[in-house]
1. Surrounded by fewer than 17 Cβ atoms within 10 Å (Cβ to Cβ) and modelled with pLDDT of 85 or more: which single residue out of 132, 112, 119, 124 fits that description?
2. For residue 71, indicate whether it is among the basic types (Lys, Arg) and part of a helix (DSSP H, G or I).
3. Tell me which residues, restricted to region 23-41, are part of a helix (DSSP H, G or I), farther than 15 Å from residue 104 by Cα and in contact with a strand residue (DSSP E or B) (Cβ under 8 Å, 6 or more places away or on another chain).
4. Just wondering, is there one or more residues in region 48-56 that are outside any helix (DSSP H, G or I), surrounded by fewer than 13 Cβ atoms within 10 Å (Cβ to Cβ) and of a type in the set (Asp, Glu)?
5. With respect to the numbered conditions (1) among the hydroxyl-bearing types (Ser, Thr, Tyr); (2) surrounded by 15 or more Cβ atoms within 10 Å (Cβ to Cβ); (3) at pLDDT below 95; (4) assigned to a loop (DSSP other than H, G, I, E, B), which one is the sole condition not fulfilled by residue 44?
6. Test residue 83 against the stated conditions and say whether it is outside any helix (DSSP H, G or I), at pLDDT 95 or above and touching a Phe, Trp or Tyr at 6+ places or on another chain (Cβ under 7 Å).
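The values are calculated or read from the model by the stated rules, or taken from the named source; none is laboratory data. Note that this is a predicted model, so its numbers are computed, not measured. Cβ atoms come from the backbone with ideal geometry, glycine included; neighbour counts cover every protein chain shown.
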Amino acid sequence: MYDDILVPTDGSDTVPETLEHALPIAEDNDATIHALYVVDSRITTAAKDVTDLETSLTDEGEAAVEAVEQRATDAGVDTETDVRNGTPAKTILEYADEQGIDLIVIGTRGKSPREKVTSLGSVSERVVDSASVPVFVVRDAGT
């Protein structure tokens with residue numbers, strides 16, 4: 001049913017919990033996990049020293065996708081990793097289309113009603129609203 005499963009990562013505490021759901025699905029379907037980290041171009045554009053910040057965020061991204069890759073490898077699941085620059089939700093959706101992703105498994109920390117009113121919306125909400133494939137949202141148990 002699923003051959004390619006995308007697990008976007010931001011390196012946060014929600015990722016291990018997200019993998020608790022993504023890895024069994026991948027194992028059951030002999031699927032490949034795609035770990036994607038997006039260096040948010042909105043942050044780098046606003047920075048005074050773009051090069052240092054972009055390098056730092058890219059390094060953070062490499063560590064984040066390597067952590068997903070290690071967990072998947074330990075579970076016997078094939079992985080592909082990528083670090084890209086862009087707007088997170090848009091880049092996640094573009095990657096899903098380019099790579100023929102069958103399922104996106106994405107974590108969310110959840111927001112209070114006040115946070116929802118004052119923010120522009122989370123990456124996971126935007127992915128759910130615009131994805132052309134099923135999206136499995138894993139809410140952080142700590143929220």
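1. On the way: 112 fails: modelled with pLDDT of 85 or more; 119 fails: modelled with pLDDT of 85 or more; 124 fails: surrounded by fewer than 17 Cβ atoms within 10 Å (Cβ to Cβ).
Exactly one residue qualifies, and that residue is 132.
2. Details: among the basic types (Lys, Arg): yes; part of a helix (DSSP H, G or I): yes.
For residue 71, the condition - among the basic types (Lys, Arg) and part of a helix (DSSP H, G or I) - is met.
3. 41
4. yes
5. Result: residue 44 fails condition (4) only.
6. Working: outside any helix (DSSP H, G or I): yes; at pLDDT 95 or above: yes; touching a Phe, Trp or Tyr at 6+ places or on another chain (Cβ under 7 Å): yes.
In short, yes.
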